[in-house]
Amino acid sequence: MAKPRIATTSLCGCFGCHMSLLDIDERILQLAEIVDFDRSPLDDIKHISRRCAVGLIEGGCANEENVEVLREFRRNCDVLVSVGDCATTGGLPALRNMVPLKECLEEAYVHGPSVHNPSGEVPNDEEIPLLLDQVYPAHEVVKIDYHLPGCPPSADTLWEALNALLGGKPLDLPYALIKYD
Amino acid sequence: MSTLLETAVKKICKKLDHDPTRLLDVAHAVQVKYRCVSDEAMDVIARELEIPRVTVESLVSFYAFLSKEKKGRVVIRLCDDVIDRMHGYARIRDAFCEELGIQLGETTPDGNITLERTACIGMSDQAPAALVNDVVVTRMNSDRVREIVRELREHMDPRQLVRTYGRGNNSHELVRSMVRNHIQTDGMVVLSPVNRGEALRKALSISPQEVIREVKTARLRGRGGAGFPCGMKWEFTRAAERDDKIVICNADEGEPGTFKDRVLLTEFPDRVFAGMTIAGYAIGADDGILYLRAEYTYLKAFLEDVLERRRRDGLLGKDVWGMGKGHFDIRIQMGAGAYVCGEETALISSCEGTRGDPKNRPPFPAQHGYLGRPTSVNNVETLCCVTKILEEGAAAFNQHGTQQSSGTKLLSISGDCRSPGVFEVPFGTTLKEVLGLCDGEDAIAVQVGGPSGRMVGPERFDGQICFDDLSTGGSIMVFGPGRDLLSVVHAFLGFFEEESCGYCTPCRVGNVLLREGIERVMAGRADPEDLEQFQALGKAMKAMSRCGLGQTSPNPVLTTLESFPGLYESRVAEDPDGYCRSFDLGEAVALAEELSGRTSAHAHAHADTETTTQREGT
């Protein structure tokens with residue numbers, strides 16, 4: 001029987017959740033035995049190649065490309081999990097939601113105290129995906145099956161969650177893994 | 001610092017004895033004099049009353065009738081509740097805007113007239129209505145609006161807008177209002193003719209304990225909505241340790257669609273005040289407060305006069321109990337425009353001169369209420385029942401109603417019926433009978449108990465008005481064929497969002513989330529999960545808000561989900577790809593497209609082809 005496939009992505013996140021996934025240390029060998037990785041920053045596969053059992057989403061949607069990637073995951077994954085606070089709530093990037101987009105760009109590229117930009121132009125190459133009006137949590141863009149809170153969720157949390165999902169058991173995390181104070 | 005303002009504000013503070021618990025009255029007096037409570041005025045008030053400045057600013061920002069920005073000499077407040085919307089609010093608003101040349105919320109350039117909207121002003125039976133300063137103007141149409149603006153520009157005197165007076169005390173020289181009573185039924189109990197002084201005489205001839213026993217025998221329950229047994233409340237208050245007990249009459253009739261207290265205060269003030277006096281005797285209080293909502297300011301002078309006459313006739317004031325048993329007096333505390341103040345602990349906060357923030361319970365007001373004093377807060381109608389019970393005995397009272405809900409209930413009926421107004425019906429009357437009384441038999445839905453109550457469909461019209469079935473503080477809104485019930489729900493949520501005091505996050509945030517959710521449903525962009533989300537959110541709000549506002553504000557959604565599931569189910573759908581239908585990439589990138597001058601690579605045209613390729617690849 002073919003191994004179940006996992007895909008992961010970091011949208012508007014900091015890759016911290018992926019680092020946390022790598023923090024499962026030697027258990028990654030165990031993981032590699034029971035799953036195959038499809039699209040993921042870990043293997044640099046650019047698009048999902050086959051139907052996946054699980055998709056892990058880090059980060060919310062800040063630009064049009066994020067939306068496209070997230071939709072690709074939704075179409076091709078049986079179970080989609082929002083991993084970490086950015087995917088779940090928009091997180092730190094969503095702080096810009098209180099500032100109009102134009103002001104955000106001008107502060108970042110023109111008027112900011114540490115900005116040196118004699119041309120006064122905001123980067124506008126066609127390769128740069130257009131920003132959305134706000135940063136959206138993943139579940140406001142596509143249907144999300146589970147949320148794993150944490151910034152980042154700890155390696156043990158991710159490990160437990162993956163095991164439960166892959167083993168077809170209910171996801172029941174002990175309190176210690178979802179308690180943050 | 002402008003010394004003129006300082007002197008005037010100081011004078012106002014002095015008049016109220018520099019009493020910080022009268023801050024609301026101080027701020028209101030400053031508002032009336034200067035049409036605002038400016039930064040400077042707040043500084044002076046804080047200094048004079050020796051309170052933190054933030055307390056003053058927080059109070060001014062809380063109440064709708066106080067403002068930091070200067071208002072016009074005349075403020076027109078259009079009543080914008082569901083019933084007024086059904087009766088042409090939008091046309092009236094547009095006519096005012098056009099004639100005044102300003103938008104809602106603005107003041108004319110000459111500083112003369114401000115146009116605002118406000119929540120229900122208690123005139124749903126004669127909508128569309130507005131407050132012009134303190135003057136109530138009812139049943140407007142666009143022609144009348146133009147005349148009103150022209151007349152105001154001529155004389156700037158709202159009182160002159162009233163051409164004909166309503167019947168009864170509406171034409172009293174101290175009222176002179178065009179408000180109509182619309183009493184539609186013969187009075188059985190509360191609306192029966194008054195036998196002034198009789199109830200009080202009988203009450204004083206027996207002991208306070210016996211008075212409480214009589215009220216308990218009558219099984220009188222509070223008429224404001226919660227239905228707490230009145231006798232028990234009095235017993236708790238009487239048993240409380242401190243001696244300085246107090247009675248507060250809740251006349252902050254703010255539940256949209258309710259106006260029965262307006263009629264009681266206009267036509268039966270003696271019955272209300274007698275009830276307060278009897279309550280005072282029963283619990284052992286020396287004084288009482290009538291908390292009157294700001295929207296009913298037009299009744300204030302009249303009510304003060306009634307109080308004065310009662311003092312003159314020995315029904316109030318020194319030695320009212322006779323035989324040197326002590327005295328009892330009543331003062332009127334004006335509200336300043338805040339729905340939440342109808343909640344008893346918020347009302348107590350407001351009486352104490354602060355923001356109308358609800359308080360934690362326990363301690364209950366009966367132990368620790370107004371300024372820490374044992375307090376009994378009773379509804380206007382409850383107190384009228386008290387008077388009647390003492391006058392004619394519990395047995396006569398119990399003739400009406402059911403075992404669990406004795407007596408009668410006043411209903412304020414408005415909306416799609418031919419005879420809106422105030423009805424007195426025995427508890428146990430079915431909704432169907434009520435609709436027959438008000439000529440609204442073709443109703444498709446009835447909102448029982450105002451926005452915080454529930455929406456009832458025809459399959460439940462056989463339900464009874466009583467505490468155990470269809471419980472209501474009095475508001476009955478009738479919706480006829482063709483009414484869009486979801487837009488009613490939407491309006492109710494907007495109301496709660498505005499009136500939430502903001503203390504509890506589930507209420508402050510939850511009402512916004514619910515409203516946004518309903519907007520998605522109305523736009524046909526909701527997913528089936530949204531409906532589950534409404535249930536979960538509503539449940540959390542009910543469980544985790546500390547006062548009745550948050551505990552009831554999800555009701556418009558929850559009760560329509562139950563009674564009218566079709567409203568929702570016909571407008572939600574599952575997306576085949578698992579995308580959220582509420583999210584539109586084109587809308588979300590529109591601003592960036594405009595700023596960058598580029599067109600989105602993803603939002604337009606080829607989205608469908610990409611989906612297909614991707615699927616083929618799987």
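Where helices (runs of 4 or more DSSP H) fall entirely within the stretch B:13-117, those with at least 1 residues that are over 26 Å from B:L292 (Cβ atoms) and out of contact with any helix residue (DSSP H, G or I) (no Cβ under 7 Å at 6 or more places or on another chain) are at B:39-49, B:53-62, B:82-86, B:89-100.
Rundown of residues vs (1) over 17 Å from the mean Cα position of the chain (by Cα); (2) at positive phi; (3) modelled with pLDDT of 95 or more, yes/no style:
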site: B:G225; (1), (2), (3): no, yes, no
site: B:T237; (1), (2), (3): yes, no, yes
site: B:D252; (1), (2), (3): no, no, yes
site: B:V272; (1), (2), (3): yes, no, yes
site: B:D286; (1), (2), (3): yes, no, no
site: B:L290; (1), (2), (3): no, no, yes
site: B:L299; (1), (2), (3): no, no, yes
site: B:L307; (1), (2), (3): yes, no, yes
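Listed by position, the strands (runs of 3 or more DSSP E) inside the stretch A:1-109 whose residues that are touching a helix residue (DSSP H, G or I) at 6+ places or on another chain (Cβ under 8 Å) and either away from every other protein chain (no Cβ under 14 Å) or surrounded by fewer than 16 Cβ atoms within 10 Å (Cβ to Cβ) (or both) number at least 3 are A:5-10, A:52-58.
Scanning the stretch B:188-208 for residues that are part of a helix (DSSP H, G or I) and touching a residue at least 24 places away in the same chain (Cβ under 8 Å) yields B:E198, B:A199, B:L200, B:K202, B:A203, B:L204, B:P208. In the stretch B:48-71, the residues that are over 27 Å from B:G111 (Cβ atoms) and assigned by TED's automatic domain parsing to the domain that holds B:K33 reach residues that are aliphatic (A, V, I, L, M) and surrounded by fewer than 19 Cβ atoms within 10 Å (Cβ to Cβ) with C-beta atoms within less than 9 angstrom, at least six apart or across chains, in these pairs: B:L49/B:L16; B:P52/B:A46; B:V54/B:A46; B:T55/B:A46.
So that you can scan it fast, the table gives a plain yes or no per residue for (1) touching a helix residue (DSSP H, G or I) at 6+ places or on another chain (Cβ under 7 Å); (2) more than 14 Å from chain A (Cβ to nearest Cβ):
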position: B:A543; (1), (2): no, yes
position: B:R546; (1), (2): no, yes
position: B:D575; (1), (2): no, no
position: B:F583; (1), (2): yes, no
position: B:G586; (1), (2): no, no
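Looking across B:S500, B:S471, one residue alone is within 30 Å of B:L264 (Cβ to Cβ) and either within 14 Å of the chain's Cα centre (by Cα) or surrounded by fewer than 17 Cβ atoms within 10 Å (Cβ to Cβ) (or both). It is B:S500.
Residue under question is A:V135, and the condition is that it be farther than 28 Å from A:Y175 by Cα, assigned to a loop (DSSP other than H, G, I, E, B) and among the aliphatic types (A, V, I, L, M); does it hold?
Answer is no for this residue.
Report whether or not B:V136 is closer than 26 Å to B:A338 by Cα, aliphatic (A, V, I, L, M) and under 18 Å from the mean Cα position of the chain (by Cα). So B:V136 fits the description; yes.
Of all residues in the stretch B:209-252, those that are assigned to a loop (DSSP other than H, G, I, E, B) and without any contact (Cβ under 8 Å) to a residue 60 or more places away in the chain total 2.
What do you reckon, is B:D530 within 30 Å of B:F461 (Cα to Cα) and within 14 Å of chain A (Cβ to nearest Cβ)? So B:D530 passes the test.
The values are calculated or read from the model by the stated rules, or taken from the named source; none is laboratory data. Treat the numbers as computed from the prediction; the structure is a model and nothing was measured. Counting neighbours? That spans all protein chains shown, and the Cβs are built from the backbone with ideal geometry, glycine included.
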